[in-house]
Amino acid sequence: MDKISLQRIEKLHPLVREEVKNIIKECDEALTGRAKVRITQGLRSFEEQEKLYAIGRITTGKKVTNAKAGQSIHNYGFAVDICMIIDGKVANWDTAKDWDNDQVADWYECVKIFAKHGWDWGGNWKTFKDLPHFERKSIPTKKKTIKTSWRNLSKIARDKDGYVIL
Ligand SMILES: [Zn+2]
């Protein structure tokens, strides 16, 4: 796994860091060579989210998100966006490409691995498809399993580093 991805994983919510490391390792093994997974975004601060929300509304450009600060799972460190790095050089977002020639698109191989670990793919969403995006559907805690919707997460107290306390 590359350094940049690893650094981004280290900023995810502590409860999913090991899991995401394992997912990416598993993906890289399944893709057997040319394509490797790069995490392009993990944790996104409330401030960064606010700036994204402003694009196409307050600042110029096309709208990039419908989520205000606190309304994205990224804001809590339970989501990642990915791309593929091809031959260690070029970033690629082609979800149909079969770089390892095993008759399954590499992106979809990753979707299946993420799903096995309880992560939902933005490509499955009906209204706004977000192909690079994956997020943890729920988190089991000692007391109960918490659905990781932003509405749920936004009600939970956060520690000094800003992570929700579960
Ligand atoms: Zn995302």
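Here, each number is a calculation from the coordinates, and none is a lab measurement. All figures in this text were calculated on a predicted structure; none of them were measured in a lab. Counting neighbours? That spans all protein chains shown, and the Cβs are built from the backbone with ideal geometry, glycine included.
Could you give every pair whose Cβ atoms fall below 9 Å, whose first residue belongs to the stretch 25-52 and is within 29 Å of Arg158 (Cα to Cα) and within 14 Å of the ligand (Cβ to nearest atom), and whose second residue is of a type outside the set (A, V, I, L, M, F, W, C) and part of a strand (DSSP E or B), counting only separations of at least 6 or pairs across chains?
Filtered contacts from the stretch 25-52: Ile39/Asp81; Thr40/Asp81; Gln41/Asp81; Gln41/His133; Gly42/Asp81.
Name the single residue that is surrounded by the most Cβ atoms within 10 Å (Cβ to Cβ) among those in the stretch 71-96 being more than 16 Å from Val16 (Cβ to Cβ) and touching a helix residue (DSSP H, G or I) at 6+ places or on another chain (Cβ under 6 Å).
Gln71
Can you tell me which residue among Ala105, Ala67 is within 12 Å of the ligand (Cβ to nearest atom) and over 26 Å from Glu18 (Cβ atoms)?
Among Ala105, Ala67, only Ala67 is within 12 Å of the ligand (Cβ to nearest atom) and over 26 Å from Glu18 (Cβ atoms).
If you go through the stretch 100-118 one residue at a time, do you hit one that is in contact (Cβ under 8 Å) with a residue 60 or more places away in the chain, farther than 19 Å from Gly42 by Cα and in contact with an Asp or Glu (Cβ under 7 Å, 6 or more places away or on another chain)?
yes
Only one residue in Ile139, Ile86, Ile165 is farther than 17 Å from Pro14 by Cα and of a type in the set (A, V, I, L, M), so which one is that?
Ile86
Quickly run through the stretch 144-166 and pick out the residues that are of a type in the set (Phe, Trp, Tyr) and away from the ligand (no atom under 16 Å from the Cβ).
Selection gives Tyr163 alone.
Quickly run through the stretch 116-143 and pick out the residues that are surrounded by 10 or more Cβ atoms within 10 Å (Cβ to Cβ) and either of a type in the set (Asp, Glu) or more than 16 Å from the ligand (Cβ to nearest atom) (or both).
Matches in the stretch 116-143: Lys116, His117, Gly118, Asp120, Asp130, Glu135, Ser138, Ile139, Pro140, Thr141.
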